[in-house]
Amino acid sequence: MAQISKLWIILNPIAGKGKAEKLKPKIEKILMESGYKFEIIVTKGPGDALLFARDLPVGENDITVAAGGDGTCNEVVNGLLKRAEKAQQEGTPLTSPPLFGILPIGRGNDFSATPGIPENVEKAISMLLNSEPHIIDAGLVKGGFFPQGRFFINGIGIGFDTKVGFEAAKLKIKSGFSYAIGAFILIARYEPSPVIQIKYDDKEATLPAVLVSIVNGKRMGGSFYMGPKAILDDGLLDLCYVEHQKSRFSLLKILSHYTKGTQDQCKGVTFDRGKKFNLFALQGGMAAHCDGETICYDGKELEISCIPSAIKLIGAK
């Protein structure tokens, strides 16, 4: 069991369509009964979780906990890794990776599904208080709106799934079905795919790509297994890309396999792994997201790399 001095709970009240705010009293009650020192910090807007995680006076045995969905996890991880970067630059590097915990009370909770952190808040807190930390990898993407880089914990989506997210965000129905509805809208439209060159390690591929995923975790988009064989601590990122399909039916068939993680059975789908990836849009542009955060709408170049042993995640399998 991890030695815990204090828990810093960074809670996004609008996560899970407001479910997170309603769960705050229950979280407080459980933690008070546990006897551990804790503090709950409530965010007020985008970027707050990153700044709190970066600037809070967190000690070596303190756990910084993201209470929310994948966006909250991404911000907290960015804050923790930016603090580690700053310490390194100042000549006082951290003696070990920062401790990170998750209370998955958002809508998608995709990243937490990979290590098996339960969505039930009582069980998630029990795991947080009674489990050993496990060192895992993170990633860094440079390009688009983040030329200096944005860290990620789950993965990068390029092409179809990013555009689906854009469509889902437009919908008035903010439910788990919004992603599926967005997918059907794009399939009906089915525009030409950009020609993308992917260079990674000593390999290279150039293709009209409808969908490219470079992931640390297994799942994105609520129920789509972009990296079904991804391993959180192997020092590598998993690559899966889909060549442009001739028909809407072919694309729909492949997407149905993504819900089971069996897309490797489909023609035009390629899996691989690597440490560093450079992507270039030779024709058209790339729409890309990082843990749901928009990286670019029409990007021409992205650099994506794995950061081995970046974080100590509590409760990871």
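Values for this structure:
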| quantity | calculated |
| --- | --- |
| Residue tally, condition surrounded by fewer than 18 Cβ atoms within 10 Å (Cβ to Cβ), touching a residue at least 24 places away in the same chain (Cβ under 8 Å) and of a type in the set (A, V, I, L, M, F, W, C), over region 31-55 | 4 |
| Region 66-102 - residue that is among the charged types (D, E, K, R) and touching a helix residue (DSSP H, G or I) at 6+ places or on another chain (Cβ under 9 Å) and, of those, surrounded by the most Cβ atoms within 10 Å (Cβ to Cβ) | Asp70 |
| All positions within region 227-284 that are of a type in the set (Gly, Ala, Ser), closer than 21 Å to Thr206 by Cα and surrounded by 14 or more Cβ atoms within 10 Å (Cβ to Cβ) | Gly227, Ser250, Gly268, Gly274, Ala281, Gly284 |
| Options Val65, Val141, Val58, Val76: the member that is closer than 30 Å to Lys17 by Cβ, without any contact (Cβ under 8 Å) to a residue 60 or more places away in the chain and touching a strand residue (DSSP E or B) at 6+ places or on another chain (Cβ under 8 Å) | Val58 |
| Matching option when the condition is in a helix (DSSP H, G or I) and without any contact (Cβ under 8 Å) to a residue 24 or more places away in the chain, among Lys22, Lys17 | Lys22 |
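Per-residue answers, yes or no, for (1) farther than 12 Å from Asp70 by Cβ; (2) within 12 Å of the chain's Cα centre (by Cα):
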residue	(1), (2)
Phe100	yes, no
Thr114	no, yes
Ala124	yes, no
Asn130	yes, no
His134	yes, no
Ala138	yes, yes
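To keep it simple, each residue is scored yes or no on (1) in contact with an Asp or Glu (Cβ under 7 Å, 6 or more places away or on another chain); (2) part of a helix (DSSP H, G or I).
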| site | (1), (2) |
| --- | --- |
| Ile231 | no, no |
| Tyr241 | no, no |
| Leu252 | no, yes |
| Leu255 | no, yes |
| Asp264 | no, yes |
| Lys267 | no, no |
| Arg273 | yes, no |
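All of the numbers you see were taken from the coordinates with simple rules; none came from a lab. Since this is a predicted model, take the numbers as computed values, not measurements. Every residue, glycine as well, gets a Cβ built from its backbone with ideal geometry; the counts of neighbours run over all protein chains shown.
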